[in-house]
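The values are calculated or read from the model by the stated rules, or taken from the named source; none is laboratory data. None of the values given here were measured: they were computed from a predicted structure. Every residue, glycine as well, gets a Cβ built from its backbone with ideal geometry; the counts of neighbours run over all protein chains shown.
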Amino acid sequence: MSIKNVIFDVGNVLVAFRYKDYIRDLGGSEEVVRIIDEEVVKGGIWNHLDEGKLPKEEVFDMIKKYLPGNEAIVDAIFDMKNIKDIVYQYDYTEKLMEKVKAAGLNIYILSNYPDWMWDYHQKEIFTFPKYTDGMVVSGKVKMIKPHHDIYQYILDTYSLNPDQCLFFDDREDNVQGACDLGIHGHVFTGYEDCRHIIGID
């Protein structure tokens with residue numbers, strides 16, 4: 001195996017997806033946090049935002065049905081004045097990018113992310129895109145991990161040999177989706193472990 005390309009997920013790999021604390025910061029109760037966590041993020045409704053096939057307002061209305069009487073907090077969660085605070089970039093992210101590039105490897109992004117949120121966060125928060133050789137964002141291509149089509153899309157778009165690619169994602173099902181197409185996938189557990197797997201100092 002001769003690795004030439006490292007493909008990174010974004011949420012909980014390069015940036016923290018801190019939605020629970022974000023909701024609390026906006027005044028959401030613990031019951032609201034629980035419902036968003038169980039029904040929206042883990043229950044699959046958030047996937048509609050990531051995939052981008054439905055108008056985001058339609059998805060917001062789906063979420064409100066789980067939170068009767070809390071419609072205002074849902075509006076606040078997705079208000080563009082607030083949405084910057086739902087994530088933050090990890091302190092190690094730029095250092096990791098620099099080390100990967102210094103090793104002569106290409107860097108790609110493969111992320112489930114709403115397109116409108118990605119555009120805002122990339123402009124206001126993210127510094128890592130400047131190190132990348134290509135990016136595939138689910139909301140822009142209307143495909144999501146772990147479905148095989150999005151992995152094939154990044155391979156085809158950038159003419160990548162799957163056997164020459166390492167992929168890091170915090171979700172085991174997304175890693176398995178990559179492995180199904182011959183990509184060398186690893187569940188991301190932290191900076192040090194990632195660095196060791198890539199083989200960089």
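Observations on the model:
- Of the residues making up the range 9-62, just one is touching a Ser or Thr at 6+ places or on another chain (Cβ under 8 Å), small (Gly, Ala, Ser) and at negative phi, namely Gly11.
- Only residues that are over 16 Å from the mean Cα position of the chain (by Cα), farther than 19 Å from Ile197 by Cβ and aromatic (Phe, Trp, Tyr) were counted in the range 67-103, giving 1.
- Residues (surrounded by fewer than 20 Cβ atoms within 10 Å (Cβ to Cβ) and touching a strand residue (DSSP E or B) at 6+ places or on another chain (Cβ under 9 Å)) located in the range 163-183: Asp163, Gln164, Asp170, Arg171, Glu172, Gln176, Cys179, Gly182
- Scan of the range 7-21 for residues that are under 29 Å from Gly182 (Cα atoms) and assigned to a helix (DSSP H, G or I), ordered by number: none
- So Met117, is it among the aliphatic types (A, V, I, L, M), crowded, with 20+ Cβ neighbours inside 10 Å, at pLDDT 95 or above and touching a Ser or Thr at 6+ places or on another chain (Cβ under 9 Å): no
- Failed item, numbered, when Arg24 is tested on (1) of a type outside the set (A, V, I, L, M, F, W, C); (2) in a helix (DSSP H, G or I); (3) buried (at least 20 other Cβ atoms within 10 Å of the Cβ): (3)
- For the range 37-88, filtered to residues that are assigned to a helix (DSSP H, G or I) and in contact with a strand residue (DSSP E or B) (Cβ under 9 Å, 6 or more places away or on another chain), the residue that is nearest to Arg18 (Cα to Cα) is Ile86.
Matching residues to (1) assigned by TED's automatic domain parsing to the domain that holds Asp119; (2) exposed (fewer than 15 other Cβ atoms within 10 Å of the Cβ); (3) farther than 17 Å from Asp119 by Cα; (4) free of Cβ contacts under 8 Å to residues at least 24 places away in the same chain:
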position	(1), (2), (3), (4)
Val40	no, no, yes, no
Asn47	no, no, yes, no
Gly52	no, no, no, no
Val59	no, no, yes, yes
Ile63	no, no, yes, no
Val74	no, no, yes, yes
Met80	no, yes, no, no
